[in-house]
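J.: One structure coming up, written as structure tokens, with questions to follow.
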């Protein structure tokens, strides 16, 4: 299909450029291969995190419910965003425009929705840690699993609604940078306040070593959780910054062939971020690490038992 004809094609709110060059072909094939591979890893890793939090009663706490929601968002990336990314590229290479358009719309909506959810949940985790330090004994009464669950469901609904509004709002592209800035501001302010409280408690510990020892454990735990949020948010920014720059370039130069190629690579990088998050959880959070280890060990023992039973049955 030539360039003039592609300029007349319309695919809802999406820019369309179906020009086929060596560069676009290589970008499509390479990004498809990477997304197929990382889709399996991303789905597996986040499914394990979701499973262990769901099954481990000790993890049924507000902070881990937020982590559960974050892992669920990344799981959607592996199960929906990446497969549909591969699917619309295949449809494009086969010249099936209608299928390409539908698949790309689904991929775009799901990707922006999960991004919005992840940003909101990261801000929620930082606020939760701040509340744990400032509310003290009232924390368990104010921050409950039920309230966190309702809040998380509301975040999914609001995020999906905002993304779907893209069908009717022409200047919608300004929304993602605004949301990124606001969530970053909330996370930064909350985390900064946590560190400020931690420093104050550490000074108190030096003056009253024994009387505040138990409080010190909770403070240091909140500090470690806040640092974990910074690690996750840092990875998020590292992988999303190229996408933001590509969107900025597209705003001024249009959806050119070079921009299209760049989109394939930077979108793939964004998806890979969802694969890395479960590794960060296991590295930074001892409860998650132990729960995953126990689940894998239990699964391994179950496989051994099944193998032994089958062998004895054959004999």
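Bear in mind these aren't lab numbers, they're just calculated from the coordinates by the rules spelled out. Keep in mind that this is a model prediction, so the values were computed, not measured.
J.: Which angle between 0 and 90 degrees, to the nearest 10, do you get for helix 213-253 versus the longest principal axis of the chain when only C-alpha atoms count?
T.: Roughly 10 degrees, rounded to the nearest 10.
J.: Remind me, relative contact order of the chain in percent, using alpha carbon pairs under 8 angstrom and six or more residues apart?
T.: The normalised contact order for the chain reaches 25 percent.
J.: Let me ask something additional. Only Cα pairs within less than 10 Å get springs; with that Gaussian network setup on the chain, which residue of 19, 58, 287 has the largest fluctuation?
T.: Taking springs between Cα atoms under 10 Å, the residue moving most is 58.
J.: Where does helix 286-314 land angle-wise versus the long Cα axis of the chain, in degrees 0 to 90, nearest 10?
T.: Computed tilt is about 80 degrees.
J.: Using only the alpha carbon atoms of the chain, find the Kirkwood hydrodynamic radius as the inverse mean reciprocal pair distance, in angstroms to one decimal.
T.: For the chain, the Kirkwood estimate is 21.8 Å.
J.: Same structure again: Evaluate the relative contact order of the range 97-211 (contact order divided by residue number), counting alpha-carbon pairs under 8 angstrom at least 6 apart; express in whole percent.
T.: Across the range 97-211, relative contact order equals 44 percent.
J.: Mean residue ellipticity at 222 nm from the helices of the chain, using -39,500 (n - 2.57) per DSSP H segment of n ≥ 4 over the full residue count, to the nearest 500 deg cm²/dmol?
T.: One gets -29000 deg cm²/dmol as the mean residue ellipticity at 222 nm.
J.: In the Gaussian network model of the chain, springs joining C-alpha atoms below 10 Å, which of 84, 252, 41 carries the largest mean-square fluctuation?
T.: 252
J.: Connecting C-alpha atoms closer than 10 Å in a GNM of the chain, tell me which of 258, 203, 293 has the biggest fluctuation.
T.: Fluctuation is largest for 203.
J.: Follow-up question, since we're still on this one. Going by Cα centres, the range 23-91 and the range 111-132 are how many Å apart?
T.: Centre-to-centre distance over Cα atoms comes out at 17 Å.
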